[in-house]
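Working notes, structure below.
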Amino acid sequence: MTTVHTYDAVIVGAGGAGLRAAIEAADRVRTAVISKLYPTRSHTGTAQGGMCAALANVEEDYPEWHAFDTVKGGDYLVDQPAAQLMTEEAVDAVYQLEHWGLPFNRTPEGRIDQRRFGGHTRNHGEAPVRRACYAADRTGHMILQTLYQQCVKRDVRFFNEFYVLDQLLSDGRCAGVVAYELATGEIHVFRAKSVLYATGGYGRIFKVSSNAHTLTGDGPAVLFRRGIPLQDMEFFQFHPTGVYKLGILLSEAVRGEGGILVNSDGERFMERYAPTVKDLAPRDLVSRAIYQEIKEGRGVGPRRDAVYLDVRHLPHDVIEEKLPDVTEFARVYLGVEPTREPVPIQPTAHYAMGGIPTNTDAQVVVGEEETPVPGLYAAGECACVSVHGANRLGTNSLLDIVVFGRRGGLHMSEFARDADLPDLPDAPDVRVRQTIDGLLNRPEGANAADIRGELQEQMFDLAFVVRSETSLRKMADVLAGLRERYERVFVQDTGKVFNTELTEVIELGFMLDCADALVAAALARDESRGGHYREDHPLRDDANWLKHSLASRQADGSIRLEIKSVKLGPYIPMERKY
Amino acid sequence: MDDGNGLGDVLETSDRRAAGAGGRVTLTLRIRRYNPETRGQESWWDEFTIESEPDDRLLDALHHVKWYLDGTLALRRSCAHGICGSDAMMINGRNALACKIIVRDVAPRVTVEPIRGLPVLKDLIVDMEPFFAGYRSVLPYLINDSGEPEKERLQSPEERHRYDDTTKCILCAACTTSCPIFWGDEEYVGPAAIVNAHRFVYDSRDEGARRRLEILAEKNGVFRCRTTFNCTDACPRGIEVTKAIQDVKRSILFDRF
């Protein structure tokens, strides 16, 4: 049996972007939030270091400096008007969160305190600037809690542990979504005038990742399967400081507060790679520097495949007051006491710059001419505005979710207020039912964990910090093989109540879609830019590649690639030095 | 860095530690199971023995069971490093997050059960709704009707520090479901809800303290607490839960709001 619900606005995902959109929409139109997790489990909660805005509370700063850093940090693939808008709205976005109770750390005068972060500089690169507003090293946790609190206050309608598996379109406009209820195995159709995806990233396609197990690219994959192109999928951020082997994030705030990276010679090697900002260079540069140190034999650890993050010289009160969580991660997961020993780290898959193409109102747009799909929206990591270009600056993700979550929530509710209720397509749940029935009625087959493990291992080996045509072609072959095995994957649990084996297998299918798009786009882009580094094409090629990529799934299963212009502005692309 | 010799010692230590590790350990997991679809209303115990890395998380071991031995095993998890609060379980009789328990510390044998006091839905998954209803009942959001200034409201570092500890709560329910009062009476609002009330009662920007304290002074409120400290022991975030509850009791008895 399928239950049909009707709403003006449906938001898929309840992390920062989804909750921020919900606050905006729920005050205006009939709104529902659908999330496969309880909202407070969302991965926004694990963001640590801060949220940048040019408040100038502790030193001179301007949104324009922030915009420049964002564009340069993104290796000029950023759409400059979007970055200007985001960095201007950042200031009010921070005040808004403070008014809602977010417990920011404070200056002695009682103002919001600010600290340094990678790639954020004063006056176009002169020196690091204190721009990141923060709540100890749990800023994301406090943003998620604060936004959820505001939703509780507004009595927002949540469908928790409902998993959206398909997008409904009729006559080229959004008609709703189809969801699977985890507790009962029932199918629900949500007929809706507008739908906003805020499902986060897909870092779990890599073996070493800071991402939650549940970050499997659901939103992008659902739309990809419905013919919506995905933008800039080749650009994935590898954060330099993940806990060795586990990938758990150790915030850039550690270096913002004075922590340094050292190699096996005890050398602070970032002085060689970025003489001005050193350890506070953007993440793509630092991750490549670590890779280079390891390659040249200066790694640490039993396999010499890590480097050290060293905070032993920092005052104890800074470590305890401003970095308590990351210190505990080192203690619990590595058995390392950071006040006495350096912490072994390695780059970890952290953030998808690419995703569902949108404009600055979070409307999903298709093609070079950026035609909006009426009623369809996306915000946060699953979307590509693009404010992060080829490499996101630290803290700009938290800014992105509140700025574009708000804009999306506002626009979708205004759209819904004026729009008629769309017709549902015939048998709207048929695709989802076929998928689930197909998976549950198979007497035997391939093991999903083996497929997932191989995907993660191979993506880590072949499509990580350093890529080449050879490695990517090999990865494309691997993906074709995994796809074949996935077609006959076996689910042992045939029940309806919390069949998390089934939902994990569906997630794996979405991961394969995201990996397909990533590898195809990475193969095509024969240049190096931001997070995408091709050792066979180590230089940036603005003549040919100052372009966004769009990857679309074709009927025959192949992927078609197109390019789209970058929206330029005042900042002329120049060589990126720090 | 001028500390090259010091790092040399550290390098040797880290190499020795790695050389000493390496060996896998055998871990037997005894798991309380429940599946109303296949086995009716009775729970049962299953045992699985696996080979594990000593520095794996217990969550990794549970994943191994689910992925290779019994796909029907149901549990919640997400971030796997102690922040999202999904995987609170009773582990060797004490509440903890499975992602913060290291195999080395529990091998060769560990018992895993769902947290207590909430209805079990399947295996290690419980119905969290009664827990969140308690949370919602204490008005867990900033109340301030004095109008919003153009910039931030001022708050001194000392005022900020007053409620810092209770802002760490991740709503995992480890505290509430370790509380013997809550086991006996689901109507008791429970430690986590009080922690979240505390977070606002002592926030200098908040004006809703009186309303929250009135709610917590009622019969299912804070005076049900018998200070057993189970909650403080259970908290994976190290929040001094019992102390927070005592703060609230004291404010109800002695403060004027």
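Per-structure values
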item	result
Peptides A:458-464, A:251-257, A:436-442, B:176-182 ordered by average Cβ neighbours within 10 Å, highest first	A:251-257, B:176-182, A:458-464, A:436-442
Rounded FRET efficiency, nearest 0.05, which uses the C-beta distance separating residue B:150 from residue A:454 and R0 of 45 Å	0.25
Nearest-0.05 FRET efficiency for residue A:313 and residue A:542, computed from C-beta distance (R0 60 Å)	0.90
Averaged over B:58-71, number of beta-carbon atoms from partner chains that fall within 10 Å	3
Percent RCO, i.e. relative contact order, over the stretch A:173-326, from Cα pairs under 8 Å lying at least 6 residues apart	16
All lysines inside 25 Å of residue A:72 as judged from Cα atoms, apart from same-chain residues fewer than 8 positions distant	A:278, A:547, A:564, A:567, A:577
Rounded tilt (10° steps) of A:469-486 against the dominant C-alpha axis of chain A	40
Other protein chain Cβ atoms within 10 Å, averaged over every residue that makes up B:127-136	2
Residue-averaged beta-carbon neighbours from other chains (10 angstrom radius) around A:38-50	4
Value of relative contact order over the stretch A:433-564, rounded to a whole percent, pairs C-alpha under 8 Å and six or more apart	25
Cα gyration tensor category, rounded, prolate or oblate, for chain B with a/c compared to 1.5	oblate
Summed residue charge, Cβ within 14 Å of residue A:246's Cβ, Lys/Arg positive, Asp/Glu negative	0
Degrees separating the helix A:63-73 axis from the principal Cα axis of chain A, which is the longest one	80
Lysine-lysine proximity count for chain B, Cα under 24 Å, sequence distance 8 or more or distinct chains	9
Angle between chain A longest axis and helix A:16-26 axis [Cα atoms, degrees, rounded to 10]	50
Cα gyration tensor category, rounded, prolate or oblate, for the stretch B:145-216 with a/c compared to 1.5	prolate
Residue-averaged [θ]222 nm for chain A, counting only DSSP H segments that reach four residues, each worth -39500 (n - 2.57)	-10500 deg cm²/dmol
Residue B:133 versus residue A:331: modelled label distance in nm, points set 7 Å from Cα along the beta carbon direction	3.8
Mean Cβ neighbour count within 10 Å, used as a protection proxy, ranking A:520-527, A:534-541 highest first	A:520-527, A:534-541
Segments A:444-452, A:402-410 sorted - mean Cβ within 10 Å per residue, highest first	A:402-410, A:444-452
Cα gyration tensor shape of the protein assembly as shown, rounded if a/c is under 1.5, else prolate or oblate by comparing a/b with b/c	rounded
Built amide H within the under 5 Å cut-off of residue A:384, gap 5+	A:356, A:358
Efficiency of FRET between residue A:526 and residue B:183 - r from beta-carbon atoms, R0 56 angstrom, step 0.05	0.35
Label-point separation in nm, residue B:228 to residue A:369, each point 7 Å along Cα→Cβ	6.9
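Read-outs: derived from the displayed coordinates by stated rules, not from any lab. Since the structure is predicted, the reported quantities are computational estimates derived from the model, not experimental observations. FYI the Cβ positions are ideal-geometry reconstructions off the backbone, even for glycines, and counts take in every protein chain you see.
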